[in-house]
Each structure stands twice: as C-alpha cells, then as structure tokens.
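Student: Structure incoming, see below.
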C-alpha cells in the first residue's frame, strides 16, 4: 500500500497487517456450510487491489462543484431534509453536510478516510476490527480484504443524551468505471441517545461489467441508546455484493434495523446482533425482491450473552423467474443468558415455478428459562387471492403488485416512522413497475 497524507501511521499499520494476513489466508472452501450454495471466489478482488481506481474531487457544504450526475440525487435527498448527509462516489466522499445545531450539540459525522486521525474515538474501534476479522474463519478472507482496502467510509457519533430529530443519510454510489468497492460505516451512540440512520447503496450507471463490493457496517449502542437503522441495496447490473453488519448492544439498548435488497446479481450477507448486557433488544426486518437469475444468500446471528435480552427477526423474500434465496439463521443463547427471548422467521413468496428458496434455522440454547421460536415458509401466491383480484377487473400484473405489497406490508407497517415507511414502500413499488416494464 502507498501511504497517504490523510491517514495516520496507526491506521496505515492496521492496513498493512490486514494485507499481510490476507495474503496468507485462502479463499473459503465450498465444503463450508456458509459457502456451500454460493461461490466465495466471486469476491476474490486480488486482481483489483494494485490498481489505482478513479477518485473524484472532494467538496463539502454545497453542490456547486458536484459532478453533473449528482445534482438530481442531491435535489432528491435535500427534499427529505436530513439532519446530516454524506455521499460517497466510488472511493471518496464527494458531499458532506451536518446541520449546525447538531454540530453545536456535539454530534460528529464525516468521512472515515479523511478524519480518522482527528477523531480520537475511532482509533480503538478500527484497531479492534483487525482482531475481529479473524474470529469467524469462514468469513476471514472477506473481512481482511475489507480491513486492508476500505475506502472513504462514514462515521457517526451521537453524544450522551442527544436525541436527533431528523434522519441521518449515508449514500454510497458506484460508477461503471470501478471494478471493486469497499465502503465502511461506523455508528456509535452513547448512553441515552437516539438516531435514525438510512444507509443506501446505489449504482450511477447500468454496471454492465462485473464489479465486486465488500461492505461493512458496524453499530455500537451504549447503555439505553436507541437506533432506527435502515440499509437499502439498489445495485444494478452485474454487481457482486458482500455485506457484513455487526451490532453490539449494551444494557437496555435497542436496535430497530431494516434491510431492503432490490439489486445486484449476487448478494451474500452476514448480519449479527450481539446482546452483551441485560435488557438489550434487537429487532431486524429484511425485505428482498429477486427476479431474473438473482442469487440472494443471507446469514443472520442473534447472540444472547446476557440475561433478560430479546431479539426478533423477520425475513421476507419475493422471487420471480429463476431467482434464488438462501437463508441461514442462528439463535444462540449462552448459559448466563437466562430469561431471554428470541424469535426468527423466514417467509418466501414464489412467483414462478423456477424460483427457489432454501431456509436453515439453527437454535443453540445453552440454558433454561428462555423463550425461542422459529419458522420458515415458501410457496406460490394463493390462487384464490389472485382469482379474486382479477375477477374484480384487475389485470394480472396489477394483481401481482398488490399481492407482493400485501406480503411486505406487515414489515413495512411496523417501521418506526412514517417517512421511512413511505420511502421504502415507494422504492419497492417503483422497482416492481420498473421490472415489469423491462427497464
């Protein structure tokens, strides 16, 4: 790696160490359960590592110098009136704005790559990630690659007791010129704070050539902190998307997380919630919509390390044509986590005979006095429902749209605010219409 004038020595040393470990780490075998249905070699980015990727000019606090294609995106996001906004185009942040009132209250928000040395709380977090990357051997290759080569990135720190009144928006953009992208997001909420964060991955073009994305989101919630977090994946074309979300919750902390996947050719994701202290609560909802030959492979982990913790997880997928969904969900309750509760459900709606869904729920319950439930379903549209709608004069395409939205409604209706509910519902409807029109 070539040292830069925007990163401190300690961060460069982390990158060098991760790269050395990466060079000694083989790609996982297809015999590993987590990779049995998805080829890990798809995310071998070694051919892209030595290349100098195009990096656009950085600018802040205004769109005057923004690339032309970003103006419409900025106008769209400004209408949402977020409290803070960061846009990363390929490898680097190109737009950053933080409301003056939030800055006055001590909120820290910015680009990781440009401000790691000036933001003290980041150092121990980034240093710990090198050790964390080797704790799950089957994902070590991807974790080390990300640790060594992440670019740009976003951080947010909400001070103790601060309640953010507006959502925080983070947008990662991928152009056709970039063969590999490594976005990173770090969210730290101090005790008794609150934030709503929307993180989105979006293509700038059709992505006709294959691009590999290794993304990571890390969430740290201290005592009684609350976070409403949404991750939206809208890659187009041939993008191969690997995403790891880790969340660690302390005493009485609460996480409401939503994941929406509408794009990419192949997606592989690992979502982990660790409930480390009593009273922590994690709720995860995921909606995926697959068409053509899209491949969606998700693993989730609900790790209960302390007593009186709770987790709730609901996955819903709609699959058309030859799309395939793979879900592997683990609930683990440690011996000391008495009085905990956990729920896990995976439901799949198959809109064609060729679509396929595989579910593997796993329970590891190492103590008594707990409540755990899990379930999985997969099947076609109820023919009576489809017949009823069409008998009322709806064409088949409109009937299908209503059934898909009805399938997702139970998750959308439980979202924490009207703004997020309307936005995500609109995205799904727009995507259904776009795919129906062949766009």
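Student: When the distances between all Cα atoms of the chain are binned every 20 Å from zero, what whole-number percent does each bin get?
Tutor: Over the chain, the share of Cα pairs per 20 Å bin runs 25, 60, 14, 0 percent.
Student: Hey, another quick one. Return the distance in nm (one decimal) between the two label points of a simple spin-label model at residue 210 and residue 24, each offset 7 Å from Cα along Cα→Cβ.
Tutor: Those two pseudo-labels are separated by 2.9 nm.
Student: A follow-up question, please. Using every pair of alpha-carbon atoms in region 382-439, split the distances into 10 Å bins beginning at 0 and state the percent of pairs per bin, rounded to integers.
Tutor: Reading upward from the zero bin: 22, 43, 31, 5.
Student: Follow-up question, since we're still on this one. With each run of n ≥ 4 DSSP H residues scored as -39500 (n - 2.57), what mean residue ellipticity at 222 nm is computed for the chain after dividing by its residue count and rounding to the nearest 500 deg cm²/dmol?
Tutor: Values: 9 runs with 100 residues, N = 439.
Result for the chain, helices only: -7000 deg cm²/dmol.
Student: Please quote Rg/Rh for region 103-192 to two decimal places, taking the Kirkwood radius as Rh and restricting both calculations to Cα atoms.
Tutor: Values: Rg = 15.0 Å, Rh = 14.9 Å.
Checking Rg against Rh, the ratio lands at 1.01.
Student: Still on this structure: Stretched out fully, how many nm does the piece from residue 413 to residue 138 gain, at 0.36 nm a residue minus the Cα gap?
Tutor: 95.4 nm
Student: Have a look at 222, 88, 118 and tell me which one the Gaussian network model of the chain (Cα, springs below 10 Å) gives the largest fluctuation.
Tutor: 118
Student: Sort 382-390, 95-103 by packing, meaning the average of other beta carbons within 10 Å per residue, with the highest value first.
Tutor: Details: 382-390: 12.7, 95-103: 16.7.
Highest to lowest by the protection proxy: 95-103, 382-390.
Student: Let me ask something else. In whole Å, what is the distance between the alpha-carbon centres of region 126-161 and region 323-374?
Tutor: With region 126-161 and region 323-374 each reduced to a Cα centre, they are spaced 26 Å.
Student: Same structure, new question: Residue 81 label point, 7 Å along Cα→Cβ, cut-off 19 Å on backbone N: hits in region 160-189?
Tutor: Label zone hits: 163-170.
Student: Kindly rank 295-305, 404-414 from highest to lowest mean number of other beta carbons found within 10 Å of each residue.
Tutor: Packing order, densest peptide first, comes out as 295-305, 404-414.
Student: Here's a follow-up. What spacing in nm lies between the two simple spin-label points modelled at residue 322 and residue 128, each 7 Å away from Cα in the Cβ direction?
Tutor: 4.5
Student: Give the percent of DSSP beta bridges with both residues in the chain that are antiparallel, rounded to the nearest 5. Please report the intermediate quantities before stating the final value.
Tutor: On the way: 10 of 142 bridges.
Restricted to the chain, the bridges split so that about 5 percent are antiparallel.
Student: Round to a whole angstrom and tell me the spacing of the C-alpha centers of region 195-222 and region 405-434.
Tutor: Rounded to whole Å, the Cα centres lie 19 Å apart.
Student: Go through 18-31, 165-178 and give me the packing order, highest mean Cβ count within 10 Å leading. Can you show the working numbers first?
Tutor: Numbers: 18-31: 14.1, 165-178: 20.2.
Listed from highest to lowest mean packing, they are 165-178, 18-31.
Student: Here's another thing I want to ask about it. What FRET efficiency comes out for the pair residue 336/residue 358, r = Cβ-Cβ distance, R0 = 25 Å, nearest 0.05?
Tutor: Here the calculated transfer efficiency is 0.15.
Rule-based calculations on the coordinates, nothing more; no lab input. Remember, it's a predicted structure, so these values are computed and weren't measured experimentally. Cβ coordinates were reconstructed from backbone atoms using ideal geometry, including for glycine residues, and neighbour counts include every protein chain displayed.
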